[in-house]
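Okay, so here's the structure we're looking at.
None of the figures in this text is laboratory data; all of them are computed from the coordinates on show. These numbers were taken from a predicted model, which means no experiment stands behind them. Virtual Cβ from ideal backbone geometry, glycine too; neighbours counted across all protein chains shown.
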Amino acid sequence: MFKKIISLFTVTSLFLTGCTKLDENTKKEMDKITVAEVAHSVFYAPQYVSITKGFFEEEGIEIDIVNTSGADKTMSALISNEAQIGLMGPEASIYVYNKGIDDYVVNFAQLTQTDGSFIIAREEMKDFSFEDLKGKEILGGRKGGVPFMTLEYVLKKNGLTIGENTENGEVNVRSDIQFGVMAGAFAAGEGDFTTGFEPTGTSMEKSKTGYVVKSIGEAVGEVPYTTYSVTSSFLKENKDLVQRFTNAIYKGQLWIKNATDKEVAEAMKPFFNDIPLEDLISIVKRYKSINAWCENPILTKEELNTLTNIMKEANELDKEAPFEKIVDNSFSENSIKNIKGE
């Protein structure tokens with residue numbers, strides 16, 4: 001069972017003052033919720049921006065964020081009510097629904113719309129093509145994980161054969177090194193290429209231990225990579241809260257769309273004080289260039305179909321879950337209808 005991890009950030013102490021706010025000259029108590037995020041990542045910039053720009057406060061919500069370090073742990077946090085909202089890939093909700101659990105999990109808002117990882121080489125390759133991976137080893141992460149599945153899907157899509165016989169031109173996608181230590185293993189000589197999210201790519205380029213040569217997200221297209229989800233029972237009993245949460249996320253998405261790279265970097269900086277501002281600016285620019293962040297929170301059926309196709313190709317999915325059961329776009333639709341961007 002999931003054990004609650006000490007919160008990385010207590011939003012109250014960073015950005016809010018007290019647990020009440022002034023609303024039309026009356027004191028209104030804030031709704032406190034815990035959000036379990038699958039990882040603490042700059043890839044989730046719209047979430048942090050929505051906090052620091054005060055959009056959750058405007059909606060009467062006070063957030064405590066916990067990093068669960070895994071979709072399975074995030075799901076456990078939801079089911080055990082250790083957290084009320086989970087931020088993870090929707091594949092987790094598919095697995096839960098297919099197990100026949102009555103209180104299944106529903107995705108109500110999408111945050112990122114493609115894979116946020118990159119192929120990293122040992123040297124700069126400005127004219128990189130997937131053909132350059134023939135007969136090479138690439139560190140791919142955990143087998144069965146979405147980054148690993150998406151990588152293999154993209155390689156096959158680009159005509160490559162996956163296998164261990166590199167002498168025959170096969171690409172050996174290695175899963176024997178944990179995702180969190182792949183950068184170090186690569187720097188120590190493991191593999192010909194590796195994969196990584198930001199800030200790993202930027203950090204390796206600065207240390208000259210690796211160079212980003214291709215975006216996996218750019219190659220795969222739109223995929224509902226990270227979404228917000230709740231148990232169906234929580235959704236039924238807290239529709240107003242879920243709506244206000246979605247409003248805050250949508251406000252953040254609109255703000256990022258119109259903000260400069262520096263403004264976005266500065267807005268999420270309180271959550272990443274260990275990363276230099278100039279690096280954050282570069283990271284924002286890189287993620288914006290591949291349209292990593294959604295402009296609105298709607299999760300389309302076409303996007304989910306792409307994810308299920310990736311899972312099927314990897315032999316990780318026997319049957320699909322009904323879209324109308326695991327996705328509820330009504331909250332996103334209401335936000336778009338009622339909140340106007342600049």
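Structure notes:
- From the C-alpha gyration tensor of the chain, square roots of 5λ in Å: 34, 23, 17
- Cα-based equivalent ellipsoid of the range 93-250: semi-axis lengths in Å, sorted from largest, via gyration tensor: 35, 18, 14
- Inter-label distance, nm, simple model (7 Å from Cα along the C-beta direction), SER289/SER69: 3.2 nm
- Karplus 3J(HN,Hα) series, Hz, for the range 257-267 with 6.51 cos²θ - 1.76 cosθ + 1.60 (x for Gly, Pro): 4, 9, 8, 7, 4, 5, 5, 5, 4, 5, 5
- Antiparallel %, DSSP beta bridges [both residues in the range 118-220], to 5: 55 percent
- Applied to the range 213-223, the Karplus parametrisation 6.51 cos²θ - 1.76 cosθ + 1.60 on θ = phi - 60° returns per-residue 3J(HN,Hα) values of 10, 7, 8, 5, x, 4, 7, 8, x, 6, 9 Hz, with x for Gly and Pro.
- Using θ = phi - 60° and Karplus 6.51 cos²θ - 1.76 cosθ + 1.60, couplings along the range 129-137 (whole Hz; Gly, Pro as x): 9, 4, 4, 5, 8, 4, x, 10, 9
- Its DSSP H runs of at least 4 residues, each contributing -39,500 (n - 2.57), put the calculated 222 nm mean residue ellipticity of the chain at -11000 deg cm²/dmol, to the nearest 500.
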